[in-house]
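Structure, as structure tokens:
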């Protein structure tokens, strides 16, 4: 019964101390949320760049010497072959640069293969990815 009669409540110092402790905990959680958001944005940008480079390499495998000069490589005409092309692609309202470098050695020429390296670069230039593969031609 004695505990029920003691209803003084909390002092102002106790209330302020608990508010300060709660504020410190919330600020640390906000830092975690901010860092998670930055990581998610970076990973999304990286994923777009990786998929863009792979997609461009697959397009080149289907039609390496297409009618459009933009982003297409030229057909090899000599024993020493090196070519490059650059194009831009807009995804999610951001511009990405795609660089295509093609080389061919004499052994690859005998097999009708071109060694192609596709590099996709984000608009801020911080994120980029390269994929390499062979393009077959007749």
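Run the numbers for residue 62 and residue 75: contour at 0.36 nm per residue of separation, minus the present Cα-Cα distance, in nm.
This chain segment gains 3.3 nm when fully extended.
Rounded to the nearest 500, what is the chain's calculated 222 nm mean residue ellipticity when only DSSP H runs of at least 4 contribute -39500 (n - 2.57) each, over all residues?
Helices in the chain give a 222 nm mean residue ellipticity of -15000 deg cm²/dmol.
What is the helix-to-structure angle for 12-62, meaning the angle in degrees between its Cα long axis and the longest Cα principal axis of the chain, kept from 0 to 90 and rounded to the nearest 10?
10 degrees
Give me the percent relative contact order of the chain, please, defined on Cα pairs under 8 angstrom at least 6 residues apart.
Rounded, it is 21 percent for the chain.
Report the FRET efficiency, 1/(1 + (r/R0)^6), for residue 113 and residue 51, where r is their Cβ-Cβ distance and R0 is 25 Å, rounded to 0.05.
It comes to 0.55.
Starting from 0.36 nm per residue, how many nanometres of slack lie between residue 19 and residue 35 once their C-alpha separation is accounted for?
3.3 nm
Rule-based calculations on the coordinates, nothing more; no lab input. This structure is a prediction, so every number in the text was calculated from the model and none was measured. Ideal geometry is used to build each Cβ from the backbone, glycine not excepted, and the neighbour counts take in all protein chains shown.
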